[in-house]
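A.B. asks: Got a structure here, written out as structure tokens. Questions coming.
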Amino acid sequence: IPEDAHSDRLDAFRRFFYEEEGFNGNTTNYYDPANSYLTAVLETRKGIPVSLSVLALLLARRVDFPLSGVNLPGHFIIKYRAPGLQIYLDPFNEGSYLTEEDCLNFLTRQGLEASALYLSRCSSVSILKRMYRNLINYHSGAGDTAREKLLREHLALLEGCSIRS
């Protein structure tokens, strides 16, 4: 990361979100559905990459900070955007910095093509869809068919959305 105003701003953002507010990845109970419910994540300060990203993105939007979500398969991440600069952050690991090479190596380890297309900014709707799919998988595995059905209905409504924000 360049030693300049960008790194100062990023460090301040990370310090506030992870140190002062205490958000972090839930390493002890990753597959708990509460990790995907934002109200629970706000209460416990623990979540999975996508839920922590949503909260960080909402904060960033509020303070006009140029972050966007990246729907990396297997591990949602955040991208800091500035003219001529892209820096990736791992929301699950205290906002640790990732290079593009780190991200592409992760894809290769997942058995996917190491393509920069996976590192594109994603829409709010695609983030919601990912969260719904996670919750459907959680509740399906737990045998909660009523909640799974409701979530599938909500996801079906989102499937028709193409709003980019």
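A.B. asks: P(r) of region 31-87 in 5 Å steps, Cα pairs, percent per bin?
C.D. replies: Spelled out bin by bin, region 31-87 gives 4, 19, 25, 22, 18, 7, 4, 1 percent.
A.B. asks: Also, I was wondering about something else. Got the relative contact order for the chain handy, in percent, Cα pairs under 8 Å and 6 or more residues apart?
C.D. replies: Relative contact order here is 18 percent.
A.B. asks: Moving to a separate point now. On a 0 to 90 degree scale, rounded to 10, what angle separates helix 5-14 from the longest Cα axis of the chain?
C.D. replies: Result, in degrees: 30.
A.B. asks: Using a Debye calculation, one point per C-alpha and no hydration shell, please list log10 I(q)/I(0) for the chain at q = 0.21 Å⁻¹ in order.
C.D. replies: Log-scaled intensity ratios, in q order: -1.51.
A.B. asks: Moving to a separate point now. On each of the three principal axes of the Cα atoms of region 1-98, give max minus min coordinate, whole Å, ordered largest first.
C.D. replies: Per principal axis, max minus min of the Cα coordinates gives 38, 29, 21 Å.
A.B. asks: At a Förster radius of 30 Å, what calculated FRET efficiency corresponds to the Cβ-Cβ distance of residue 108 and residue 137, to the nearest 0.05?
C.D. replies: For R0 = 30 Å, the calculated efficiency reads 0.80.
A.B. asks: Let's see if you can work this out: charge +1 on each Lys and Arg Cβ, -1 on each Asp and Glu Cβ, no other charges. What is the dipole magnitude of the chain about its Cα centre, in debye to the nearest 20?
C.D. replies: Around 620 debye, computed over the chain.
A.B. asks: On to the next question. Helix 124-141 against the longest principal axis of the chain: what's the angle in degrees, Cα atoms only, rounded to the nearest 10?
C.D. replies: 50 degrees
A.B. asks: Can you tally the net charge around residue 19? Count Lys and Arg as +1, Asp and Glu as -1, for every other residue whose Cβ sits under 11 Å from the Cβ of residue 19.
C.D. replies: -2
A.B. asks: So how long is each side of region 123-165 along the principal axes, counting just the alpha-carbon atoms, biggest first, in Å?
C.D. replies: For region 123-165, the Cα extents along the three principal axes come out at 34, 14, 8 Å.
A.B. asks: Let me ask another. Please report the orientation-averaged projected area of region 82-160, defined via the convex hull of its C-alpha atoms, in nm².
C.D. replies: Over all viewing directions, region 82-160 projects a mean Cα-hull area of 7.3 nm².
A.B. asks: A further question follows. May I ask for the angle, rounded to the nearest 10°, between helix 145-159 and the longest principal axis of the chain, with both axes built from Cα atoms and the value confined to 0 to 90°?
C.D. replies: The answer is roughly 50 degrees.
A.B. asks: To continue, here is another question. For region 123-165, what does the relative contact order come out to in percent, with C-alpha contacts under 8 Å and a separation of six or more?
C.D. replies: 59 percent
Each value in this text was obtained by applying a stated rule to the coordinates, not by laboratory testing. Please read all numbers here as calculations on a predicted model, not as lab measurements. Glycine also receives a Cβ, built like all others from the backbone with ideal geometry; neighbour counts cover every protein chain displayed.
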